[in-house]
Amino acid sequence: MNFRQKVEDIDYTIYGTDTTYYTEEIEGNVDWEIYIESRSWGVKGISVYVTDFNFEIRLEESDPDNFMPDQNIKLSYQNIEDLGWSIETEGTDLIKLDELITIQDITVDIKSKLITIIF
C-alpha cells in the first residue's frame, strides 16, 4: 500500500544552524509504502519504506545584524545525494499490527545535512 503525507501535517524539527532563524519551515511531501511479508500461516512481518519525497526548507534570519542570508533549500529523492545530503528512517523495526502506522516526526540537521524520518 502506498501513502503520501504532507510535511505540514507532520511534526518536524530543524536544528544544526549556526544562528537563530526567525522562521524555520518545511513544505513538501513524503511518499511511503507498507510491505507485508506473509506466509501460509499468516503475517510474518510489516516493513515501511520511504519511496519518494520533496522538501522545501526555508530559513529566514531574525537578527539583521547577523548578516546571515536567508536559505531556501530544495531537496528531493532525485537530488539529495548530489547536494551532499542523506536521509535515514527510524522506528521501522518497532511497527506492530495493533498500532497506528504513519510518519511521526521529521528531523532536519542543517549542519550534518541529514534528514531523519521517524515512523
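The values are calculated or read from the model by the stated rules, or taken from the named source; none is laboratory data. Note that this is a predicted model, so its numbers are computed, not measured. A quick note on method: Cβ atoms are made from the backbone with ideal geometry, for glycine too, and the neighbour counts reach across all protein chains shown.
Points worth noting:
- Qualifying residues in the range 101-117 (those that are hydrophobic (A, V, I, L, M, F, W, C) and crowded, with 16+ Cβ neighbours inside 10 Å) - the one farthest from Thr89 (Cα to Cα): Ile110
- Within the range 31-50, the residues that satisfy the criterion of being out of contact with any helix residue (DSSP H, G or I) (no Cβ under 7 Å at 6 or more places or on another chain), under 19 Å from Tyr77 (Cα atoms) and either outside any strand (DSSP E or B) or not charged (D, E, K, R) (or both) are Trp32, Ile34, Tyr49, Val50.
- Qualifying residue in the range 67-81 (condition: in contact with a strand residue (DSSP E or B) (Cβ under 7 Å, 6 or more places away or on another chain), of a type outside the set (S, T, N, Q) and closer than 17 Å to Phe3 by Cβ): yes
- A Cβ distance below 6 Å, combined with a sequence gap of six or more or placement on separate chains, defines the contacts here; from the range 70-93, residues that are over 18 Å from Asp31 (Cβ atoms) reach residues that are at pLDDT 90 or above and of a type in the set (Lys, Arg) in the pairs Gly84/Lys113.
- The listed residue being at pLDDT below 95 and closer than 21 Å to Asp109 by Cα, out of Val7, Val43, Val30, Val48: Val7
- Number of positions in the range 29-48 that are surrounded by fewer than 13 Cβ atoms within 10 Å (Cβ to Cβ), more than 14 Å from Asp93 (Cβ to Cβ) and in contact with a Phe, Trp or Tyr (Cβ under 9 Å, 6 or more places away or on another chain): 0
- Taken as a whole, the condition of being more than 30 Å from Leu97 (Cα to Cα), within 16 Å of the chain's Cα centre (by Cα), at pLDDT 90 or above and not hydrophobic (A, V, I, L, M, F, W, C) does not apply to Glu24.
- The single condition among (1) closer than 28 Å to Glu81 by Cβ; (2) surrounded by fewer than 11 Cβ atoms within 10 Å (Cβ to Cβ); (3) modelled with pLDDT of 95 or more that Met1 does not satisfy is (3).
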